[in-house]
Amino acid sequence: MIFRTPLARARGLGSAKSGTHHWWLQRLTAVALVPLSLWLVASLIVLASADHGTVIAWLSSPVAAVLMSALIVAVFYHGQLGLQVVLEDYVHAQWLKLTGIVLMKLVALLLAAVCLFAVLRIAFGN
């Protein structure tokens, strides 16, 4: 028989006081992704029949390069925030959860860096 009160059993199982910050960051990136995604879709519609040189010239413009870079950062940051929540909620082995989060963040960082490098290389030429 356990003589602990419900409050004593619940201590340590609640909020770690970081969930609100994480939630706000996820909402902020989601809001940022709305206009950036609309811009990308509109740009791709306009560029649908363009040749390779035209698309390179478009991405070389400062506005397009900055907006594309912002889109890349927002997409990968928003994605890793969401995947972190999934791992925290559904992976129960602590070591596996921590390993998964670290690997996922490293992969997201690597992929974002590769995408940013490609955009910057196009924007600043070879």
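Tabulated data for the structure shown
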item	result
Out of Leu71, Leu110, Leu36, sole residue that is over 11 Å from the mean Cα position of the chain (by Cα), assigned to a helix (DSSP H, G or I), surrounded by 11 or more Cβ atoms within 10 Å (Cβ to Cβ) and in contact (Cβ under 8 Å) with a residue 24 or more places away in the chain	Leu36
Residue under evaluation Gln94, criteria (1) touching a helix residue (DSSP H, G or I) at 6+ places or on another chain (Cβ under 7 Å); (2) among the polar types (S, T, N, Q); (3) modelled with pLDDT under 95, criterion not met	(1)
Residue check for Val55: of a type in the set (Val, Ile, Thr), assigned to a helix (DSSP H, G or I) and more than 15 Å from the chain's Cα centre (by Cα)	yes
Hits in segment 39-52 (condition: surrounded by 12 or more Cβ atoms within 10 Å (Cβ to Cβ) and part of a helix (DSSP H, G or I))	Trp39, Leu40, Ser43
Candidates Leu81, Leu7 - the one that is modelled with pLDDT of 95 or more and either among the charged types (D, E, K, R) or outside any loop (DSSP other than H, G, I, E, B) (or both)	Leu81
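The values are calculated or read from the model by the stated rules, or taken from the named source; none is laboratory data. As the structure is a prediction and not an experimental result, all values here were calculated from the model. Positions of Cβ are generated from backbone atoms using ideal geometry, with glycine treated the same way; all protein chains shown enter the neighbour counts.
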